[in-house]
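Take a look at the structure below.
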Amino acid sequence: MAKPVVLLYERIHKDALAILEEKAEIRWAESLHEDVLLKQVADVEGIIIHANGKVSRRLMEAAPNLKVVGWHGVGGEAIDLDAAPAMRRRRDHVRF
């Protein structure tokens, strides 16, 4: 069975990365600019951000396989939570 593809915006703690690498295929963001990210999300099932970058409605809509949007650390203001209900309706398994 293929591992799910997860897009990481930037480095996370090495222990967290090691756990994630066991479970998922990691894809690193080439840039934090939305136009670049849009080209990378077509097949991702997860997006994890850390200190920088944003996950907009536009980005979520461009990721038809998206199941999880995560924030490594505290906060969550960089995730468009207004778009979250629409994403949940689109696929009942999307988690934020």
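With the simple spin-label model, which puts each label point 7 Å out from Cα in the Cβ direction, the Asn65 to Ile19 separation comes to 2.4 nm. Summing charges over neighbours of His33, with a neighbour being any other residue whose Cβ is under 12 Å away from its Cβ, gives -1 when K and R count +1 and D and E count -1.
Bear in mind that the values in this text are calculations on the coordinates, not laboratory data. Every value quoted in this text rests on a predicted model; they were computed, and no experiment measured them. With ideal geometry, Cβ positions are generated from the backbone for all residues, glycine too; neighbour counts draw on all protein chains shown.
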